[in-house]
Amino acid sequence: MLVARSAMLLATLAFAAPAGAQLLAHKDLSLATALTIATTASDTCKGQSYRVTVSVVGRNGEALVQLRGDDASPHTLDFSLRKAYTARTFRVGSGEIANRFKQDPAYFAVHVPNTAPSQGALPIKIGEEVIGAVGVSGAPGGDKDEACAKAGIDKVADQLK
């Protein structure tokens, strides 16, 4: 009898949902959109004779697209991904994290694994919701990397509404 009651109680609890429980509704970057961002960023930098790698990460910081440009240095593959992960993780441009680190060398964010406090990545947002990030590495300066990243985001601005 005790076993039967316990089994019924467990069955009831298994099917009971907390009041107000519901699924999260959000938008994610599609492969096509991520590829457009990456290609535009890469082409923008290539047009200025910069040999770069572009990485686009999704909502959870996972790599969606990486494009290594012709003759881009080997380190740019990892660095562009780390910059993008930084922008996604902290929801601001990676250059902002670099500035905070310059002001306070003990800034906690530089100790977060897989991040890079270096300019060149921007979050991809719908309103204030961050759905990914794009990072660029290889141009002669983070400001130039960031300009290429911005060009990629601007190309799909109509889809980010």
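The values are calculated or read from the model by the stated rules, or taken from the named source; none is laboratory data. Owing to the predicted nature of the structure, the values given are computational and were not obtained by experimental measurement. Ideal geometry is used to build each Cβ from the backbone, glycine not excepted, and the neighbour counts take in all protein chains shown. We work out accessible area using only protein heavy atoms, side chains counted, and drop any ligands, DNA or RNA first. Shrake-Rupley method; radii C 1.70, N 1.55, O 1.52, S 1.80 Å.
Being polar (S, T, N, Q), at negative phi, surrounded by fewer than 18 Cβ atoms within 10 Å (Cβ to Cβ) and in contact (Cβ under 8 Å) with a residue 60 or more places away in the chain: is that true of S73 here?
So S73 passes the test.
Taking segment 64-100 as the search range and keeping residues that are of a type in the set (A, V, I, L, M) and outside any helix (DSSP H, G or I), which one is farthest from the chain's Cα centre (by Cα)? Spell out the reasoning first.
The initial filter retains those residues of segment 64-100 that are of a type in the set (A, V, I, L, M), namely 64-65, 67, 72, 77, 81, 84, 87, 92, 97-98.
Next cut, outside any helix (DSSP H, G or I) only: 64-65, 67, 72, 92.
Values: L64: 9, V65: 11, L67: 15, A72: 21, V92: 10 Å.
Only one residue fits best here, namely A72.
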Subject >> Contacts under 7 angstrom Cβ, first residue in segment 125-152 being under 13 Å from T53 (Cα atoms) and touching a residue at least 12 places away in the same chain (Cβ under 8 Å), partner of a type in the set (D, E, K, R) and outside any helix (DSSP H, G or I), 6 or more apart >> reply: G138/R51
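Among the residues in segment 38-49, are any under 30 Å from A25 (Cα atoms), of a type outside the set (K, R) and either under 13 Å from the mean Cα position of the chain (by Cα) or open to solvent by 50 Å² or more (accessible area, probe 1.4 Å) (or both)? Give the steps one after another, and end with the answer.
Residues of segment 38-49 that are under 30 Å from A25 (Cα atoms), as a first pass: 38-41.
This time we only want the ones that are of a type outside the set (K, R), so: 38-41.
Within this subset, residues satisfying the condition of being either under 13 Å from the mean Cα position of the chain (by Cα) or open to solvent by 50 Å² or more (accessible area, probe 1.4 Å) (or both) are 38-39.
Within segment 38-49 (the criterion being under 30 Å from A25 (Cα atoms), of a type outside the set (K, R) and either under 13 Å from the mean Cα position of the chain (by Cα) or open to solvent by 50 Å² or more (accessible area, probe 1.4 Å) (or both)), the answer is yes, since at least one residue qualifies.
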Subject >> Members of segment 124-154 found to be within 12 Å of A38 (Cβ to Cβ) and either β-branched (V, I, T) or open to solvent by 50 Å² or more (accessible area, probe 1.4 Å) (or both), listed by number >> reply: I124, V134, V136, I153
**OP:** Return only the number of the condition from (1) in a helix (DSSP H, G or I); (2) of a type outside the set (D, E); (3) in contact with a Pro (Cβ under 8 Å, 6 or more places away or on another chain) that A133 does not satisfy.
**Re:** (1)
**OP:** Consider only pairs whose beta carbons are under 7 Å apart and that are at least six residues apart or on different chains; among these, list those whose first residue lies in segment 92-114 and is at pLDDT 85 or above and whose second residue is of a type in the set (S, T, Y) and open to solvent by 40 Å² or more (accessible area, probe 1.4 Å).
**Re:** V112/T89; N114/Y85
